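The values are calculated or read from the model by the stated rules, or taken from the named source; none is laboratory data. Treat the numbers as computed from the prediction; the structure is a model and nothing was measured. Here the Cβ positions follow ideal geometry from the backbone for every residue, glycine too, while neighbour counts run over all protein chains shown.
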Amino acid sequence: MRLLSVSLLNIILSLILLSCTTTASTTTEVSQSQNILQKDTAAFKKDTISIIGVGDIMLGSAYPDKSNLPKGDAIKSFKNVDTFLKGDIVFGNLEGCFLNSGKSTKCKDTTGNSCFAFRMPERYAGIIKNAGFNLLSIANNHVGDFGFKGRKRTAEILDSLNIHYAGLQSHPSVIFEKDSIKYAFCAFAPNENTVSINKLDSAKSLVSRLKAQVDIVIVSFHGGGEGAKFEHVPRTDEIFYEENRGNVYAFAHGVIDAGADVVLGHGPHVTRAVEVYKNKFIAYSLGNFCTYGMFSLKGPNGFAPLLQLKINSNGDFILADIISVKQDKINNLTIDTHYTAFKKIQWLTNTDFPEHQLSFSANGRIELRKN
């Protein structure tokens, strides 16, 4: 009987030992699998990120009447450039709101061509989506042309189309992920209900908080004077129509100091210089990209860059290709085979930033100069 009890005890101890060994083995296998998965995920992260950047987009306004809408209901707005709108990020500045009805208090006189209040039909948002845009700034002086109703409806429509956006005080930033890269985007302007370009400390604080959460931070600003007289970056506050439109040079450098990886500017309606600061790319103005109706397209206002930017996974500049485009009242948006925007960027960069270390090739490419 004693011998039987000892044998039974040995069997029980053996089973317990086998169970522990199996559990330990299983735990090790799970741990190894998790490590492999983590390594695979890290390896999957892209080492080159493609960002397409353009300036102002306003496809036509139904206010004060439908005479300012394009023929064909704007469906072919991007047909001559859509092959170039391919990237991980495709960005533009939405220079107006989406709203099917409503009046603006902005204009006392709606006759003639003196009312610059832009209300795009809501269906036009789908045209922008189908062109490839997945990121828009709504920090500008026209998103509020139709008050809270216009801002609210624009946000609802962009949300429904899964187009990321930022720039309103009620929506200062957005965080999203694509292909295992985590992005943050924030946008600034000097206008009511937008996140202020003139509060640099607050802007830097926002950028710093975002950078702590993501891989890449993209910053957009709407700033500077407007038109041919404001092609240069002055490194001071720009006053236009008695409004402080910001010191875009100090702003761009400040947000990069705080953690921004790319800074994309718009607002002057003309092309401005580019700069690489601390290995981060700055475009000071991307001009008028696709702007139908009330926009002046005379002289430099009618030419703009379509930026194809490459950065690495740390946000550092690799290269930029500039596709020059042009607009006129007859042909609308087309490719400019004379490279006008690229040549203007080269000249302005040489003039405004003579200390730059960039090289400009004849085919529209911008790279860091090789020493």
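Can you name every residue in the range 213-232 that is in contact (Cβ under 8 Å) with a residue 12 or more places away in the chain and out of contact with any Gly (no Cβ under 8 Å at 6 or more places or on another chain)?
213, 214, 218, 219, 225, 227, 231, 232
Just name the residue that is nearest to residue 165 (Cα to Cα) out of those in the range 124-142 that are touching an Asp or Glu at 6+ places or on another chain (Cβ under 8 Å) and in a loop (DSSP other than H, G, I, E, B).
Among those that are touching an Asp or Glu at 6+ places or on another chain (Cβ under 8 Å) and in a loop (DSSP other than H, G, I, E, B), it is 140.
May I ask you to say which residue of 247, 279 is without any contact (Cβ under 8 Å) to a residue 60 or more places away in the chain, in contact with a Phe, Trp or Tyr (Cβ under 8 Å, 6 or more places away or on another chain) and farther than 23 Å from residue 117 by Cβ?
279
Can residue 201 be described as assigned to a helix (DSSP H, G or I), under 18 Å from the mean Cα position of the chain (by Cα) and among the charged types (D, E, K, R)?
The answer is no for residue 201.
So which residues in the range 274-293 are closer than 14 Å to residue 53 by Cβ and outside any strand (DSSP E or B)?
Hits for the range 274-293 are 284, 285, 287.
I'd like to check something: does the range 49-60 contain any residue that is touching a strand residue (DSSP E or B) at 6+ places or on another chain (Cβ under 8 Å), of a type in the set (D, E, K, R), modelled with pLDDT of 50 or more and surrounded by 10 or more Cβ atoms within 10 Å (Cβ to Cβ)?
The answer is yes; a qualifying residue exists.
Does residue 185 satisfy the condition of being closer than 22 Å to residue 143 by Cα, in contact with a helix residue (DSSP H, G or I) (Cβ under 9 Å, 6 or more places away or on another chain), part of a strand (DSSP E or B) and touching a residue at least 40 places away in the same chain (Cβ under 8 Å)?
yes
Might you check whether a residue that is surrounded by fewer than 20 Cβ atoms within 10 Å (Cβ to Cβ), out of contact with any Cys (no Cβ under 9 Å at 6 or more places or on another chain) and closer than 30 Å to residue 61 by Cα occurs anywhere in the range 282-294?
Taking every residue of the range 282-294 in turn, at least one turns out to be surrounded by fewer than 20 Cβ atoms within 10 Å (Cβ to Cβ), out of contact with any Cys (no Cβ under 9 Å at 6 or more places or on another chain) and closer than 30 Å to residue 61 by Cα.
Given the residues 73, 56, which is the only one that is in a helix (DSSP H, G or I) and acidic (Asp, Glu)?
When all the criteria are applied, what remains is 73.
Does residue 103 qualify as being touching a residue at least 60 places away in the same chain (Cβ under 8 Å) and in contact with a Ser or Thr (Cβ under 9 Å, 6 or more places away or on another chain)?
no
Residue by residue, here is whether (1) among the aliphatic types (A, V, I, L, M); (2) touching a residue at least 24 places away in the same chain (Cβ under 8 Å); (3) in a strand (DSSP E or B) holds:
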site: 254; (1), (2), (3): no, yes, no
site: 264; (1), (2), (3): yes, yes, yes
site: 297; (1), (2), (3): yes, yes, no
site: 307; (1), (2), (3): yes, yes, yes
site: 319; (1), (2), (3): yes, yes, yes
site: 330; (1), (2), (3): yes, no, no
site: 345; (1), (2), (3): yes, yes, no
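Among the residues of the range 147-182, how many are touching a residue at least 60 places away in the same chain (Cβ under 8 Å) and among the aromatic types (Phe, Trp, Tyr)?
Total satisfying the criteria: 1.
Could you pull out the residue among 102, 147, 126 that is small (Gly, Ala, Ser), in contact with a Phe, Trp or Tyr (Cβ under 7 Å, 6 or more places away or on another chain), farther than 30 Å from residue 258 by Cβ and surrounded by fewer than 21 Cβ atoms within 10 Å (Cβ to Cβ)?
So the residue among 102, 147, 126 that is small (Gly, Ala, Ser), in contact with a Phe, Trp or Tyr (Cβ under 7 Å, 6 or more places away or on another chain), farther than 30 Å from residue 258 by Cβ and surrounded by fewer than 21 Cβ atoms within 10 Å (Cβ to Cβ) is 102.
Of the conditions (1) in contact with a strand residue (DSSP E or B) (Cβ under 6 Å, 6 or more places away or on another chain); (2) within 18 Å of residue 209 (Cβ to Cβ), residue 140 clears all except one; give me its number.
Looking at each condition in turn, residue 140 falls short on (2).
With the requirement that a residue be out of contact with any strand residue (DSSP E or B) (no Cβ under 9 Å at 6 or more places or on another chain) and part of a loop (DSSP other than H, G, I, E, B), what does the range 347-371 give you?
354, 355, 362, 371
Give the range 219-262 a look and list any residue that's at positive phi and surrounded by 15 or more Cβ atoms within 10 Å (Cβ to Cβ), or say none.
Within the range 219-262, 224, 227, 246, 259 qualify.
Taking the condition more than 26 Å from residue 74 (Cα to Cα) and surrounded by fewer than 18 Cβ atoms within 10 Å (Cβ to Cβ), does residue 331 pass?
Taking the combined requirement at face value, the residue does not satisfy it.
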